[in-house]
Amino acid sequence: MNYWLMKSEPDAFSIDDLKNRPDRTEPWDGVRNYQARNFMRDEMKVGDRIFFYHSNCKVPGIVGIATVASEPYPDRWQFDPDSKYYDPKSDPDNPRWILVDVKYERHLDRVLSLNEIKEHAEALGDFALTRRGNRLSIMPVDDAQWDYLLGLEKQ
DNA sequence: GCCAACGTTGGC
DNA sequence: GCCAACGTTGGC
């Protein structure tokens, strides 16, 4: 099983929004970055676990856990001219933007803020989230980092 | 709201 | 293929 971290702006789509969806599941649409797409298209497997991260908000940080809930499939908004995610260059026979469904698992007992995570940079080792200038919205988390961060939750 | 970082676009 | 211009991300 692989582990991931996925960012979302809570004003746009929060972990509570995910929890309140039918079946607690939502397509992770709107990703328009190739690296992030490649993770969803090529590497994610149903059942993989995800840290749900709130970005661009008062206290950015990990707020909960979700799981990968579908095989990869095309993001339908790329073909909708009225959508802000419309991509006229995407070929319907070979869609450019691929996503997976994500399912709510639980909130963490407390928010693991970016500040706190940074304090543990040494223990976490090379971690995309704390790398300088990082803007990736989907990134891998290794086993040790996953366990370490979950350990922080209980402190 | 500011701005650093960085990805994308498009002219050449 | 280079690179300047531009747009977006996201912390602060």
Legend entry - Max mean-square fluctuation residue, GNM over chain A, Cα-Cα springs under 10 Å, options A:59, A:100, A:31: A:59
Legend entry - segment A:19-150 - accessible surface per residue (Å², probe 1.4 Å): 57
Inset, instruction - Name the most mobile residue of A:125, A:64, A:47, meaning the one with the largest mean-square fluctuation, in a Gaussian network model of chain A with Cα contacts below 10 Å. - result: A:125
Legend entry - chain A - percent relative contact order, Cα under 8 Å, separation 6 or more: 30
Legend entry - Extension gain (nm, one decimal) between residue A:122 and residue A:49, 0.36 nm per residue minus Cα-Cα: 24.0 nm
Legend entry - Fraction of accessible area attributable to carbon and sulfur, chain A (%, probe 1.4 Å): 45
Inset, instruction - Would you please name the GluC sites (Glu not before Pro) within segment A:69-155 that are DSSP coil residues with at most 14 other C-beta atoms within 10 Å of their C-beta? - result: none
Inset, instruction - Calculate for chain A the 222 nm mean residue ellipticity that helices alone would give, adding -39,500 (n - 2.57) per DSSP H run of length 4 or more and normalising by residue count, nearest 500 deg cm²/dmol. - result: -5000 deg cm²/dmol
Legend entry - Using distinct alpha-carbon pairs, which all enter the 1/r mean, Kirkwood radius of chain A in Å: 16.1
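The values are calculated or read from the model by the stated rules, or taken from the named source; none is laboratory data. The shown structure was predicted, so the numbers you read here are calculated from the model rather than taken from an experiment. Every residue, glycine among them, receives a Cβ derived from its backbone with ideal geometry; neighbour counts consider all protein chains shown. Surface areas here come from the heavy atoms of the whole protein model, side chains and all, with no ligands, DNA or RNA. Shrake-Rupley method; radii C 1.70, N 1.55, O 1.52, S 1.80 Å.
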